[in-house]
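Everything on this sheet refers to the single structure shown next.
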Amino acid sequence: MTGDGVDAPADGAVSWRSLWEDTSRVVGARNVARWLCEAACGADGDEFIDELEAFATERAVAHLDAMIARHRRGEPLQYVLGRWSFRRLDLMVDRRVLIPRPETELLVEYAHELLAPRPRPWRIVDLGTGSGAIGLSCAAEWRHEGLEVWLTDASADALDVARANLAGIGRAAPNVRLVHGSWFEPLPDSARGRLDLIVSNPPYIADDDPDVDVSVREWEPGSALFAGADGLDDLRRIAAEALHWLAPGGAVVVEIGAHQGPAVAELFRAAGAVDVTVRADLSGRDRFVQAKRAAT
């Protein structure tokens, strides 16, 4: 073994099966080793299994070694791979955007529950979209006719990532608009009072929160994580402005920290929202707040 890499025989011929086994010993997890080998091989799932007895190219082995080294130095696996799954999407991710979390997937379910009773066309905005995970899932999973999805982000870099991911949703892509700006600012005036749904996973971590994992603080974009002394700075803005953009009976659903439910719910009630509800994630922890503009 050389450095952080994997063993290779003197003649340079090494099969993907051997590389998988060597990588498993280096990284200590067989599933992680497989993901790394699949990325280096350029084949996923059954296609990778079909390649196990094939010899890897020198370039592929060098790519694998480089990824192993990055992972062992602490870089999150998702950034090393350059991709991560979210619901039905395979998203490009790098340090310009947050890594999509499994708990956020439920936000799309709750969003659809809120929209389902409403007549089409549906107008949706995903505020602070990052990689585009939430908004692109809405566009990709729901019937395409009568659907308009806006993705906003203050980070031009993040929008570049979302734009790359937009290409992966196929026939639904024409329904999506990406606009650069903070929260509601880049939306056209014609959207004011006409949105059926607002979704967002905004920053909600307090600046000095001691429980934030070191790798998260060191690798993921702080502007997408931290929101002031109590973590509520951005949620305050969303709550204050949401009703001005929603159509009568329209809804907003946001992701929150596990202990922020009562405070965020009160922000929306103070702004005049109705049917304010705190909802849990699959582990039973408060994770979302949803609210509506009164129907009349």
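The values are calculated or read from the model by the stated rules, or taken from the named source; none is laboratory data. None of these values were measured; they are calculated from a predicted model. When we count neighbours, we look across all protein chains shown, and the Cβ atoms used for this are built from the backbone with ideal geometry, even at glycine. Ligands, DNA and RNA are stripped out before the accessible areas are found, and what is left, the full protein with its side chains, is counted by its heavy atoms. Shrake-Rupley method; radii C 1.70, N 1.55, O 1.52, S 1.80 Å.
From the residues in region 174-195 that are surrounded by 16 or more Cβ atoms within 10 Å (Cβ to Cβ) and more than 17 Å from ALA242 (Cβ to Cβ), which one is farthest from the chain's Cα centre (by Cα)?
Filtering region 174-195 for residues that are surrounded by 16 or more Cβ atoms within 10 Å (Cβ to Cβ) and more than 17 Å from ALA242 (Cβ to Cβ), the one farthest from the chain's Cα centre (by Cα) comes out as ASN175.
Checking the conditions here, which among GLY132, GLY168, GLY146 is of a type outside the set (Val, Ile, Thr) and within 26 Å of SER215 (Cβ to Cβ)?
Values: GLY168 fails: within 26 Å of SER215 (Cβ to Cβ); GLY146 fails: within 26 Å of SER215 (Cβ to Cβ).
Just a single option satisfies the conditions, and that option is GLY132.
Within the set of pairs 6 or more residues apart or between chains, which connect a residue that is assigned to a helix (DSSP H, G or I) inside region 12-29 to a residue that is of a type in the set (Lys, Arg) and open to solvent by 30 Å² or more (accessible area, probe 1.4 Å) with Cβ atoms less than 6 Å apart?
Close Cβ pairs satisfying both conditions: SER24/ARG30.
Inside region 166-189, can you point out the residues that are out of contact with any helix residue (DSSP H, G or I) (no Cβ under 7 Å at 6 or more places or on another chain), under 14 Å from LEU136 (Cβ atoms) and outside any helix (DSSP H, G or I)?
Answer for region 166-189, where residues must be out of contact with any helix residue (DSSP H, G or I) (no Cβ under 7 Å at 6 or more places or on another chain), under 14 Å from LEU136 (Cβ atoms) and outside any helix (DSSP H, G or I): just ARG177.
Between LEU36, LEU98, LEU91, LEU77, which is among the aliphatic types (A, V, I, L, M), buried (at least 20 other Cβ atoms within 10 Å of the Cβ) and touching a strand residue (DSSP E or B) at 6+ places or on another chain (Cβ under 9 Å)?
LEU91
Of the conditions (1) within 21 Å of the chain's Cα centre (by Cα); (2) open to solvent by less than 30 Å² (accessible area, probe 1.4 Å); (3) more than 21 Å from LEU187 (Cβ to Cβ), VAL276 clears all except one; give me its number.
Failed condition: (1).
I need the full set of residues from region 137-158 which are over 24 Å from ALA294 (Cα atoms), open to solvent by less than 10 Å² (accessible area, probe 1.4 Å) and assigned to a helix (DSSP H, G or I), in order please.
Residues satisfying the conditions are SER137, ALA139, ALA158.
Say whether the condition of being touching a Gly at 6+ places or on another chain (Cβ under 7 Å) and under 30 Å from GLY250 (Cα atoms) is met by at least one residue in region 57-76.
For region 57-76, residues touching a Gly at 6+ places or on another chain (Cβ under 7 Å) and under 30 Å from GLY250 (Cα atoms): absent.
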